[in-house]
Amino acid sequence: MIVREGFRKMLELENDIEVVGEAQEGRQAVALAKKLHPNVVLMDIAMPQLNGLEATRQVLKAVPGTRIVLLSAHSDDTYVKNAAECGAVGFLLKQNSSHVVCEAIRQVQNGKKYFCSIISRRQDRIHPLTPDRGGRFTKKAAQLTSREMEVLQLIAEGKANKETASELGIGIKTVEKHREHLMQKLDIHDTASLTRYAISAGIIESSAQMTTV
């Protein structure tokens, strides 16, 4: 809440940027993007109910012309890789200055990509993941379907199967099947480990600003 308000006040000082909508969580961000068709969305990766990575995928599917810049408190290669794979064209850290944030919005609006300096310096080291010695890929959430991502986030947030089913409007048996598929795909076999995975992948960690330039 405080982070979102800070960004809004900062952007409102810019003559060429207009904040047309705000969202507290991922599903609301997707709904607002469908309604408002913003030029640029400044999206927090770590949002409740639906994280920024999955929200980005859903926004881009519904409103392909929107350009999305993801925000995170972390600059790990995994976070940056997942951001690029979900379709984001920019990545910023929450501690970046107002100048950097505004510059990112302007650059992506003009069709360019924008990564903050600490990440740009590492870009030559960020490559697709290769199999480990056992032939398994350690690639993160990009392997998962949209629904599996949603189920994983709710599991990591401590939701029981019944709550997850209610939240997503699906049956409990369907939730159980998704959980089973998650564990098979990720080679993880207990809820605690699924939660740790979700944290390491940036799925849980909270907000989005939508702007026009």
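Numerical summary
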quantity: Percent accessible area from carbon and sulfur atoms, region 11-117, protein chains only, probe 1.4 Å; calculated: 46
quantity: Rg(Cα)/(2.2 N^0.38 Å) for region 1-58, N = residue count; calculated: 1.10
quantity: Accessible area per residue, Å², region 65-126 with all protein chains present, probe 1.4 Å; calculated: 44
quantity: Euclidean distance of C-alpha centroids, region 67-88 and region 22-47, integer Å; calculated: 15
quantity: Accessible surface, per residue, of region 1-42 when the full set of protein chains is kept, probe 1.4 Å, Å²; calculated: 56
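The values are calculated or read from the model by the stated rules, or taken from the named source; none is laboratory data. Because the structure is predicted, anything quoted here is derived from the model rather than measured. Just so you know, the surface numbers come from the protein's heavy atoms only, side chains and all, with ligands and any DNA or RNA stripped out. Shrake-Rupley method; radii C 1.70, N 1.55, O 1.52, S 1.80 Å.
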